[in-house]
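Data first, discussion second: the structure below is written as structure tokens.
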Amino acid sequence: MYVLYGTPLSNYYNKVKLCLLEMGLPFQEQLEFPKRNWPQGGSPSGKIPYLQCEDNTFLFESQAIVEYLCAKHQSSLLPSDLVQAAQIREVLFYIELYLEAPMKTLYPMAYWGKPIDSELCLSVLDQVKQGLAVILSRVRCQPYLLNTEFSLVDVVAWVHFKTIQHALKVLGLEDIFMDTPISSYLAFCAQRPTIQRLEADKRLAARA
Ligand SMILES: N[C@@H](CCC(=O)N[C@@H](CS)C(=O)NCC(=O)O)C(=O)O
């Protein structure tokens, strides 16, 4: 059985967890926080998540992990059609590089009590709006981001869009998804049982 290390409060942990849930694979969760004690434990980067496979191999970096899972279990989350798969990767990289990466600089203010730097907030908001424009030029949301089937890009979109939306709200900034098709797309995705389980676990972890 797979063992997933990390915390349900992490968007990257939830990216791997949502893939495991969507594929119906049995797995255990092992609560772990980022720490720097490699190679005794943890991960080379000190970050979570990481995955322990049945043969005791450890895999690191969420994208490497989910690509491994999709290939190993021939999951339709990443179709065998190479063009479709490339388009899924294209948009998921837009999300991680042009939205999530700049937003990361605001998380210490949103989540860990760092004093709010309004100038930085507005500069990041500007960057993520530009990133969102790129994404919106490539997605259909009918009903899923790229296709009629839920895919890896929807996994990535859910975990990051929800984290970004929440951080913007905490910081008193505008919801960049409001008045875009992403808003109703997220409401539609929220009905999925796997996502409901993921969010319930996240709420539980936040209360602990
Ligand atoms: N590129 C990494 C990013 C993972 C990541 O940023 N994890 C965060 C938690 S959401 C973390 O461990 N942060 C601690 C740190 O940056 O030292 C991946 O895709 O796995």
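Figures for the structure shown
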| item | result |
| --- | --- |
| Residue identified as within 16 Å of the ligand (Cβ to nearest atom), surrounded by fewer than 19 Cβ atoms within 10 Å (Cβ to Cβ) and at pLDDT 95 or above among Tyr107, Tyr94 | Tyr107 |
| Which listed residue, of Glu61, Glu22, Glu32, Glu54, is among the acidic types (Asp, Glu) and within 19 Å of Cys189 (Cα to Cα) | Glu22 |
| Filter result (within 22 Å of Thr163 (Cβ to Cβ) and charged (D, E, K, R)) within the range 13-36 | Lys15, Lys17, Glu22, Glu29, Glu32, Lys35 |
| Single residue of the range 169-208 satisfying the filter (charged (D, E, K, R) and over 16 Å from Val159 (Cβ atoms)) that is surrounded by the most Cβ atoms within 10 Å (Cβ to Cβ) | Asp175 |
| Count - residues of the range 8-65 that are within 13 Å of the ligand (Cβ to nearest atom), among the hydroxyl-bearing types (Ser, Thr, Tyr) and out of contact with any helix residue (DSSP H, G or I) (no Cβ under 6 Å at 6 or more places or on another chain) | 5 |
| Unmet criterion (only one of (1) surrounded by fewer than 18 Cβ atoms within 10 Å (Cβ to Cβ); (2) under 25 Å from Ser62 (Cα atoms)) for Ile116 | (2) |
| Any chance Ser151 is more than 30 Å from Pro193 (Cβ to Cβ), modelled with pLDDT of 95 or more and assigned by TED's automatic domain parsing to the domain that holds Ile195 | no |
| Residue check, Glu22 part of a strand (DSSP E or B), in contact with a Lys or Arg (Cβ under 9 Å, 6 or more places away or on another chain), outside the structural domain of Lys162 (by TED's automatic domain parsing) and surrounded by 12 or more Cβ atoms within 10 Å (Cβ to Cβ) | no |
| Number of the condition not met by Pro44 [criteria: (1) surrounded by fewer than 17 Cβ atoms within 10 Å (Cβ to Cβ); (2) in contact with a strand residue (DSSP E or B) (Cβ under 8 Å, 6 or more places away or on another chain); (3) assigned to a helix (DSSP H, G or I)] | (3) |
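The values are calculated or read from the model by the stated rules, or taken from the named source; none is laboratory data. Just so it is clear, the structure is predicted and the values come from calculations on it, not from any experiment. All Cβ positions, even for glycine, are placed from backbone atoms using ideal geometry, and neighbour counts span all protein chains on display.
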